[in-house]
Amino acid sequence: MKILIINAGSSSLKYQLFDMASGEVLAKGLCDRIGIDGRITHKRPGHENYVEEISFKNHDEALACVIRLLTDENLGVLKSIDEISAVGHRVAHGGEKYTKSALVDDEMIRYLESIVNINPLHGPPAIVGMKACRKLMPNVKMAAVFDTSFYSEIPDYAYIYPLPYEFYKEHKIRKYGFHGTSHRYVSAKCAELMGKPLKDLKIVTCHLGNGSSITAVKNGVAIDTSMGFTPQGGIEMGTRSGNIDPSVLPYLEKELGLSADEVETVINKKSGLLGVSGLSSDSRNVTDQALEGDYRCMLALNIQFYGVKKYIGAYAAAMNGLDAVVFTAGIGENDPYLRSRVCADMEYLGIRFDDEKNKSLPKGTTAELSTKDSRVKVFVIATDEEYMIAQDTAALV
Ligand code: ADP
């Protein structure tokens, strides 16, 4: 069975074609600058990348180009489009209705359209991607896998904000959580590495990239997560502030005369590592300068490390214990300095960290980083959201 995974952004479309029998990725790539000019980068294992500058007026044209390359005599991996058994769509937000991955139908598309107000950035492109696939492959079954659905069992006291209750009932303002597919994948992988059933484990998963979130996974169920109504909440990120005193926002409007849009830009695009360091949103640049002695770069990192540490402690309390901590995503997988700083002085919690192994580990490796006698295990696990989407899609069709 061959499954095509589609991840549509506002001006981009990422794809991956899986052979489910072997778990292999046959081809993957990216169409970017859709609606501007256009370019496709098409990759096949064992071959040079193929890049074509091509104009994409919209997502329909980008998808048609993907299908053309996948079935191309020289660059392709399929004899015909009919070899694609199913399509899996990555969808950031399933609202309160989609608590599980589900087959795409008219009702789903209508529901997703009805919640674009709470998901203005990622909602519209996901819908456009689904519609484009339906047009081009009308007979192929499609599934949607939602980043929010892993959080459908968070208790009400963790997802309701202490605002007037009508804001939740009438305006759907609540914690939704994001990166769920990644947290689900790495928590399952962690159980596999520990040789224990997931239902017996209490795990804190730290997805740390440009956007970062931390999730408490108790007995296989997410019981809390750091992101909230939007992917803006939680710890300090590349350019996002994470949680701050809510009154800072109206203060910026009243005292500095910023508009609501300008305030949103500040907390989304000008804060985090970039805002504090004044240098970059990329943790590699910030870390390099911090280790050279730059005060603001070190401060930016210290805020981030402290945030991660506090969430681990808080979630251990929320779960009444802790069996494992997992680091994943761009920073979590590749940055030994962050892992070392976060895991330092955590003996009280049962963590004994093997810093030698941490430092000598090749980047992107999946491995255990705690010592043999550590009561709480620490792992670095390479996340694979696309594979998880492919598995859900295969199960549904
Ligand atoms: P996104 O949220 O955009 O998916 P990623 O998970 O790709 O983000 O993470 C991007 C972050 O990961 C950047 O801050 C980058 O510095 C960091 N990162 C990526 N590769 C490495 C590496 N080899 N070493 C250290 N940090 C890395």
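The values are calculated or read from the model by the stated rules, or taken from the named source; none is laboratory data. Note that the coordinates shown come from a computational prediction; the quantities given were computed from them, not determined experimentally. Don't worry about glycine lacking a Cβ; one is built from the backbone with ideal geometry, like all the others, and counts go over all protein chains shown. The protein model used for the area step is the full one, side chains on, heavy atoms only, and it has no ligands, DNA or RNA in it. Shrake-Rupley method; radii C 1.70, N 1.55, O 1.52, S 1.80 Å.
The order of the peptides 279-290, 77-88, 323-334, 199-210 by mean Cβ neighbours within 10 Å, most packed first, is 323-334, 199-210, 279-290, 77-88. Between Glu53 and Lys172, the C-beta separation translates, for a Förster distance of 35 Å, into a calculated FRET efficiency of about 0.25.
Ignoring ligands, DNA and RNA, please state the percent of accessible area on the range 250-348 from carbon and sulfur, probe 1.4 Å. Don't skip to the end; give the middle numbers.
Details: 2540 of 5040 Å².
With neighbouring chains kept in place, the figure for the range 250-348 is 50 percent.
Over the chain, the fraction of Cα-Cα pairs per 10 Å bin, rounded to whole percents and listed from the shortest bin up, is 5, 21, 30, 28, 14, 2, 0.
Amide H to amide H distances under 5 Å link Met237 with Gly242, Gly272, Leu273, where only residues 5 or more positions off or on other chains count and H is placed in the peptide plane. Farthest toward the positive end of the dipole of the chain, out of Leu163, Val66, Ile127, is the Cα of Leu163, where the dipole comes from beta carbon charges about the Cα centre. Rounded to two decimals, the Cα radius of gyration of the range 196-236 over 2.2 N^0.38 Å is 1.26.
Taking θ as phi - 60° and the Karplus parameters 6.51, -1.76 and 1.60, the scalar couplings of the range 298-312 work out to 5, 4, 4, 5, 4, 4, 5, 4, 4, x, 4, 4, 5, 5, 4 Hz in sequence order, x denoting glycine and proline. What you get for the range 91-150, charging only the Cβ of Lys and Arg (+1) and of Asp and Glu (-1), is a dipole of about 200 debye around the Cα centre.
Let me check I've understood the local charge: for Met298, count other residues with C-beta under 12 angstrom from its C-beta, Lys and Arg +1, Asp and Glu -1. What total comes out?
Working: positive: Arg296, Arg341; negative: Asp288, Glu292, Asp294.
Net local charge, Met298 excluded: -1.
Converting the Cα gyration tensor eigenvalues of the range 173-305 into ellipsoid dimensions via √(5λ) gives semi-axes, longest first, of 31, 20, 10 Å.
Taking the Cα centroid of the range 142-185 and of the range 276-321, what is the distance between the two, rounded to the nearest whole Å? Between the Cα centres of the range 142-185 and the range 276-321 lies a distance of 26 Å.
What's the magnitude of the charge dipole for the chain around its Cα centre, counting Lys and Arg as +1 and Asp and Glu as -1 at the beta-carbon? Answer in Debye, nearest 20.
I would put it at about 540 debye.
Of the peptides 160-169, 377-386, 294-303, 126-135, the ranking by mean beta-carbon count within 10 Å, highest at the top, reads 377-386, 126-135, 294-303, 160-169.
Beta carbons within 10 angstrom, averaged per residue: use that to sort the peptides 312-321, 174-183, 252-261, highest first.
Numbers: 312-321: 16.7, 174-183: 26.1, 252-261: 11.0.
So the peptides 312-321, 174-183, 252-261, ranked by packing, come out 174-183, 312-321, 252-261.
For n ≥ 4 DSSP H runs only, could you compute -39500 (n - 2.57) per run for the chain, divide by its residues and tell me the 222 nm figure to the nearest 500? Helices in the chain give a 222 nm mean residue ellipticity of -11500 deg cm²/dmol.
Please give the per residue accessible area of the chain, computed with a probe of 1.4 Å over protein heavy atoms only, in Å². Before the final figure, lay out each step's value.
Values: 18620 Å² over 397 residues.
Spelled out: the 1.4 Å probe surface of the chain, per residue, equals 47 Å².
Of all lysines in the structure, those lying under 30 Å Cα to Cα from Lys254, and not within fewer than 8 positions of it along the same chain, are Lys169, Lys172, Lys175, Lys269, Lys270. Summary of the geometry: the range 42-78 and the range 205-219, compared by the centres of their Cα atoms, lie 33 Å apart.
Report the antiparallel proportion of the DSSP beta bridges in the range 30-150 as a percent, rounded to a multiple of 5.
Values: 9 of 15 bridges.
Bridges in the range 30-150 are about 60 percent antiparallel.
Taking the DSSP beta bridges with both ends in the chain, the antiparallel portion is around 65 percent. In the range 246-397, taking the dipole from charged Cβ atoms about the Cα centre, the farthest positive-side position among Tyr348, Asn302, Thr265 is held by Tyr348. Carbon-plus-sulfur accessible fraction, the range 1-155 (probe radius 1.4 Å, protein heavy atoms only): 49%.
Around the amide H of Asp354, modelled in the peptide plane, lie the amide H atoms of Ser370, Thr371, all under 5 Å away and 5 or more residues distant in sequence or on another chain.
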